[in-house]
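Comments concern the structure below.
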Amino acid sequence: MKKAFVSWSGGKDCCLACYRAVQAGYQVRCLVNMVTEDGQLSWSHHLPARWVRMQAEGLGIPVIQQPTSTENYKINFKKVLSSLREEGVTIGVFGDIDFEDHRIWVERVCRESGLQAHLPLWGEKQEKLLHEFVDSGFIAAVVLTRADILGEEWVGRRVDANFVQDLLELCKTVSLTPCGEAGEYHTLVVDGPLFKQRLEIVQAKKLLEQNYWSLEISRLELRPKSP
């Protein structure tokens, strides 16, 4: 069984990529989550790092959170990959769909670190991936939106069949990538078939800052999954 890590942002796409990797027989040894230099926020989606640690606990998969700056991002990422390679990890799983520059970057960095990059979602229709995420039983909440594209009413919404229907309808009139690949929105996955415990958003409020609506969660708890 091939040992793998998953590049983890906390959102739906990396989660679906992880799910597909597990279904394909990969042994996911850990999640890799790059964070800001102070260790407070995840690098890609700027989610609080503690949320990601709670996700990892709910999944039952260890997480490596590597602080970095913009200038040293590649060096620090490769440092993590090299240490994982020494532990027998040979595959890096990424949730990219169609951002070509990033695909080229992850493939090169993995190759330089002696690993193989695996992008199980690459090139697929985003509408299909959204439906697959929901139909597989995953649950996520929208935690960030670009206010000029998705207003306050979208923040905090559950990513479910109704969300997908509404979003795809909006895509007909607004320039919007269905999976938010251009940064139109970010999600936090809270439950699904990979999870041993679910996350419950107990208390939160919506904030508008610099053209972004965000869901500021003040209380997030791990709870047993429903029978």
Among residues of the stretch 12-29 being within 22 Å of PHE133 (Cβ to Cβ) and more than 13 Å from the chain's Cα centre (by Cα), the residue surrounded by the fewest Cβ atoms within 10 Å (Cβ to Cβ) is GLY25
Return the residues of the stretch 73-105 that are under 21 Å from LYS125 (Cβ atoms) and among the aliphatic types (A, V, I, L, M); say none if nothing qualifies. VAL93, ILE97
For VAL109, indicate whether it is in the same structural domain as GLU87 (by TED's automatic domain parsing) and surrounded by 15 or more Cβ atoms within 10 Å (Cβ to Cβ). yes
Which one is farthest from GLU200 (Cα to Cα), of the residues in the stretch 126-148 that are crowded, with 18+ Cβ neighbours inside 10 Å and out of contact with any strand residue (DSSP E or B) (no Cβ under 7 Å at 6 or more places or on another chain)? GLN126
Criterion (without any contact (Cβ under 8 Å) to a residue 24 or more places away in the chain, outside any loop (DSSP other than H, G, I, E, B) and under 28 Å from PRO193 (Cα atoms)) met by exactly one of ARG103, ARG111: ARG103
Check off (1) more than 20 Å from TYR19 (Cα to Cα); (2) buried (at least 18 other Cβ atoms within 10 Å of the Cβ); (3) of a type outside the set (Ser, Thr, Tyr) for GLU216 and give me the number that stays unchecked. (2)
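The values are calculated or read from the model by the stated rules, or taken from the named source; none is laboratory data. Here the structure is a predicted model, which is why all the values come from computation and not from measurement. Virtual Cβ from ideal backbone geometry, glycine too; neighbours counted across all protein chains shown.
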